[in-house]
Amino acid sequence: MTLRLLLGDQLNHHHSWFDAPPQPSVVYVLMEVRQETDYAHHHIQKVMAFFGAMRAFAEHLRQAGHRVAYVALDDPDNRQSIEGNLRLLVEEYAPEWLEYQFPDEFRLDELMLSLAGKLGVKVRAYDSEHFLADRLAVARHFTGRKTYLLESFYRLERQRHGYLVTPEGQPEGGRWNFDADNRQALPKDAVLPEPFVVEKDLTDLHRMIVQAGVRTMGQCADPSRFIWPTTRAECQQLLEHFAHHALPLFGRYEDAMTKRHWLLYHSRLSFAMNVKLLSPAEVIERCIAEYRARPDEITLPQIEGFVRQIAGWREYVRGLYWALMPDFGRKNHFGHQTPLPSWFWTGETDMACLRHALGQSLELAYAHHIQRLMVIGNFALLIGADPDEVDAWYLGVYIDAIEWVEMPNTRGMSQYADGGLVGTKPYVSSAAYIQRMSDYCQGCKYDYKKKTGEGACPFNSLYWHFHARHRHLLERNPRIGHVYPTWDKMPAENRAALLDHAEHVLAHLEEL
Ligand SMILES: Cc1cc2nc3c(=O)[nH]c(=O)nc-3n(C[C@H](O)[C@H](O)[C@H](O)COP(=O)(O)OP(=O)(O)OC[C@H]3O[C@@H](n4cnc5c(N)ncnc54)[C@H](O)[C@@H]3O)c2cc1C
Ligand code: SF4
């Protein structure tokens, strides 16, 4: 007898465990436990999406003839912890083996390792067979180097997998990186594709989570029309929709933001991939096939931009996480300690960019990359928010947030709390960037052009305050070298006014 544990983000239909015909001696175990709903303060839609996807996966296994032990959150025998439930199941089935797939989170990896020897069964672990590179690929690639830069790792992955490379291993189009051709602001007359939403009825699941008293954040306006895909077929539909409608302009408007639309040309595939209902390889290969089939409509910079996100960033941050944990989770390079304003949980602020990005995150459990990085993360870094609190907020709010991908992006890239391991400079900006890349500033209570005084945009003075207070840590960084000569050239009274204004903003964060 063998018990095979499947965690909530291990819903890989094509794992080799399922290659053999179903066997009566193998029982697949999935469980909904308070240990997992409560370790972070999750968005309600995130809890629904995970449980919905786990239930659908269990049903898929049953239909295929496999034996499944599914422990629902409201099951009276549920011990509400992975270990507790495994103990019960070991008593019930008396297995010889407990098998599991390597968890992607450090916390769960430690837990699984600690179980060997405790449960009275033999334990063995398998690869999750999902990622393009193995867990330690980044650590190996960067051995002996002080910084971990994406580019060399990304090129290697492209060559290893043959993505957009010539038979000689050179990049198609003669360049590895088309970022310079991408990342434009959205024109006013841009026609944006209608997002694909599944609209499935998860009312019962929603009721169960609420009745169980799980503490969640954000909203689910209508649980009977849930927007996130929770089955493999739905995820495939989402991928098809993206390839047909959004890929042709993905790269060009990758960094654009608008009040008019919550998704622009993004794929929304992160949840589907992070719970392993879709593999990164199939997503990339499907999109490359679309690019080859529509050469007049999809240019190389669009597909390269997309492949870079998945074969590059996604694999790279996962490898960084495994290279740097557990110390990474304690990094606080700037010693930041400011609590996040309470409106991070309501979206109620007069700052139009934050009102939109936070409001959307709370309403849909989703914001696209530049909203996460250059609006919300930018503001959190400028005010000196405590990276533990910022991490917890991001880990809770987004549908796709699992620590291996959330933490390097948040604590590393966005908050620079690692002192420059993930990013080469802090991602901060004044209002100028937000004004250039979005339509947020039109109609905002604050004036993006004003630096100090009544109605001045808070980003402007906070930007200078941040650089001034961390000068000793940042001045020698070659990527922000231009900031300090500009600051030094400003008349002393302008500098003092900027710092005064920023101090005022920092003292009144709740009222912004
Ligand atoms: C502060 C911050 C926190 C983030 N937290 C998460 C998180 O918890 N979970 C998560 O999956 N992504 C996270 N990201 C990365 C990225 O923002 C999301 O993957 C993306 O917004 C998901 O939306 P999408 O599927 O529409 O992405 P698209 O824009 O369509 O991109 C395609 C895919 O590329 C991958 N990707 C793109 N950028 C990154 C990146 N920087 N790191 C890893 N994968 C990337 C994702 O799998 C994504 O689905 C975070 C980024 C920032 C700046
Ligand atoms: S003016 Fe400032 S606060 Fe308002 S939307 Fe623009 S950047 Fe945001």
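The values are calculated or read from the model by the stated rules, or taken from the named source; none is laboratory data. All values derive from a computational prediction rather than experimental measurement. Cβ sites come from the backbone with ideal geometry, for glycine too, and all protein chains shown count toward neighbours.
Miscellaneous remarks
- Close pairs (6 angstrom Cβ cut-off, 6 or more residues apart or separate chains): farther than 12 Å from Asp104 by Cα and in contact (Cβ under 8 Å) with a residue 40 or more places away in the chain in the range 395-408, near ligand 1 (Cβ under 8 Å from one of its atoms) and not in a helix (DSSP H, G or I) anywhere: Leu395/Ala401; Ile399/Tyr366
- Pair list, Cβ under 9 Å, 6 or more apart: the range 452-477 residue farther than 16 Å from Asp500 by Cβ, other residue more than 16 Å from ligand 2 (Cβ to nearest atom) and of a type in the set (S, T, N, Q): Asn477/Thr424
- Residues of the range 122-180 satisfying the condition of being in contact with a strand residue (DSSP E or B) (Cβ under 7 Å, 6 or more places away or on another chain) and hydroxyl-bearing (Ser, Thr, Tyr): Tyr126, Ser128
- Filter result (among the hydrophobic types (A, V, I, L, M, F, W, C), within 13 Å of ligand 1 (Cβ to nearest atom) and out of contact with any helix residue (DSSP H, G or I) (no Cβ under 6 Å at 6 or more places or on another chain)) within the range 284-319: Trp313
- Highlighted here are the helices (runs of 4 or more DSSP H) found entirely within the range 75-171 that include at least 2 residues which are charged (D, E, K, R): 82-93, 106-115, 150-161.
- Taken over the range 391-416, the criterion of being aromatic (Phe, Trp, Tyr) and more than 8 Å from ligand 1 (Cβ to nearest atom) is satisfied by Trp393, Trp404, Tyr416.
- In the range 337-366, the residues that are away from ligand 1 (no atom under 15 Å from the Cβ) and part of a loop (DSSP other than H, G, I, E, B): Gln337, Pro339, Pro341, Thr346, Gly347, Glu348, Thr349, Asp350, Met351
- Filtering the range 176-191 for residues that are at pLDDT below 95 and closer than 30 Å to Gln35 by Cβ leaves an empty set.
- Residues satisfying the stated conditions in the range 329-381, i.e. among the aromatic types (Phe, Trp, Tyr), more than 16 Å from ligand 2 (Cβ to nearest atom) and either under 21 Å from Ala221 (Cβ atoms) or modelled with pLDDT under 95 (or both): Trp345, Tyr366
- Selection count where residues are within 15 Å of ligand 2 (Cβ to nearest atom), more than 26 Å from Gly335 (Cβ to Cβ) and assigned to a helix (DSSP H, G or I), scope the range 450-499: 0
- With respect to the conditions (1) in contact (Cβ under 8 Å) with a residue 12 or more places away in the chain; (2) small (Gly, Ala, Ser); (3) within 16 Å of ligand 1 (Cβ to nearest atom); (4) assigned to a loop (DSSP other than H, G, I, E, B), Gly423 falls short on a single one, namely (1).
- Only one of the numbered conditions (1) within 16 Å of ligand 2 (Cβ to nearest atom); (2) under 25 Å from His356 (Cα atoms) is not met by Ala507, and that is (1).
- Residue ranges of helices (runs of 4 or more DSSP H) in the range 187-305 with at least 1 members β-branched (Val, Ile, Thr): 203-211, 280-293
- Filtered by the rule that a residue be small (Gly, Ala, Ser), surrounded by fewer than 19 Cβ atoms within 10 Å (Cβ to Cβ) and touching a residue at least 60 places away in the same chain (Cβ under 8 Å), the range 310-359 gives Gly329, Ser342.
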